[in-house]
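The structure appears below as structure tokens.
The values are calculated or read from the model by the stated rules, or taken from the named source; none is laboratory data. Please read all numbers here as calculations on a predicted model, not as lab measurements. Methodologically, a virtual Cβ is constructed for each residue, glycine included, from the backbone with ideal geometry; neighbour enumeration extends over all protein chains shown. Keep in mind that these areas ignore ligands, DNA and RNA; they rest on the heavy atoms of the full protein, side chains included. Shrake-Rupley method; radii C 1.70, N 1.55, O 1.52, S 1.80 Å.
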Amino acid sequence: MVIEAIIYGAWMMGIVLNTAPNVNSALTSAANIMDFIDTSTKSSETAQSMKHDGQMVFSGDIEYKNIKFSYPNRPETEILKGLDFHVDGMKTVAIVGPSGCGKSTCFQLLLRFYDPNEGKVAVDGAATTEFSLSKLRAYLSLVSQEPVLFDCTIAENIAYGDNSRDVPLTEVIEAAKEAQIHQEFVTKLPLGYATRLGSRGTLLSGGQKQRIAIARALIRKPKVLLLDEATSALDAESEKTVQDALNRASENRTCLIISHRLSSIRNANLICVMDQGKITEMGTHDELINANGIYSKLYRSFQ
């Protein structure tokens, strides 16, 4: 009996000691989560922030007016230094420039992850602070460089793009078709839309993950589609497939694109070149090439 107790106790102790190194990580993670929940934000739901919620038809017209901004954890470093440009509704506008010039920050301000220190971001002439966060973000969809997929089915991952309601399968299929993943990929799987993707979507290729992210972005039928380096992590063949899906997805809506691959934005209605927190050049691809400025140098460096 004593020998069996020792053996069983040692076995249990081995299991405990195997997980012991993760205890401190779990405690630290829990503390970080609680700190995040307790963090106050200026982007709150107030009467002023709901001023336009019930009276506006969103057309996708966007304007950045003399924006100055620095991140709260680095207040001494100004990221945007008087950013000023306008995006017409239903147009495709690309933002390019060297790393660190503030391109992604433009998206974060539009989504109200942060509010500008000075100036304002306006949609259809009204400042974003005059909308509730839920109402504003219902009009916007973001496709990032590294989409986050869950260990759920394809249908559940796509439907996650609109948590305000129970999304019917017919709409999921419609979004998948628009992202060019229905006929080309999903219907060829034995379980179709009931196929689980594995942790972080590890069972998919990069191009397949990106197209599911596009379908997720389209499920809420956004007026504005934000593409932040959506094809930069893909190989040439996958990039072409995803780019075709993005071109189709950007039809009949305002589309803002951030890209280092200038070949993917040649057909944009307007290209804005950022440098050191400001817009330094604006125009079409041909106009900027002929101007022989920053864009022309960037374009030639990738040829």
Exercise for the section: Run through all the Cα pairs of region 62-125 and give the fraction in each 5 Å bin from 0, expressed as whole percent. Expected result: 4, 17, 29, 28, 15, 5, 2, 0
Handout entry: Rotationally averaged projected area of region 205-303 (alpha carbon convex hull; nm²)
Key = 6.8
Practice task
Quickly rank 218-225, 72-79 as a protection proxy: mean count of other C-beta atoms within 10 Å, highest first.
Solution key: 218-225, 72-79
Completion exercise
Only helices counted: for the chain, with every DSSP H run of 4 or more residues adding -39500 (n - 2.57) and the sum spread over all residues, [θ] at 222 nm is -10500 deg cm²/dmol
Exercise for the section: Holding the Cα-Cα limit at 18 Å, pick out from K177/K221; K81/K135; K240/K297 the pairs that are longer than that. Expected result: K81/K135; K240/K297
Exercise for the section: Determine the share of region 125-208's accessible area contributed by carbon and sulfur atoms, expressed in whole percent, with a 1.4 angstrom probe. Expected result: 54
Problem - Per residue, in Å², the accessible surface of the chain once ligands and nucleic acids are set aside, probe 1.4 Å - result: 54
Problem - the chain: most fluctuating residue of G283, G89, G125 per GNM, C-alpha cutoff 10 Å - result: G125
Problem - Helix 206-218 axis, angle to the chain major axis (alpha carbon atoms, nearest 10°) - result: 70
Completion exercise
Restricting to Cα pairs under 8 Å and 6 or more apart, the percent relative contact order of region 142-249 works out to 44
Fill in the blank from the handout: Binned at 20 Å from zero, the C-alpha pair distances of the chain give percents of 28, 52, 16, 4, 0
Practice task
Any chance you could give the angle, 0 to 90 degrees and rounded to 10, that helix 236-249 forms with the longest Cα principal axis of the chain?
Solution key: 70
Practice task
Mind giving me the nanometre distance, one decimal, between the label points for N292 and T280, set 7 Å out from Cα along Cα→Cβ?
Solution key: 1.7
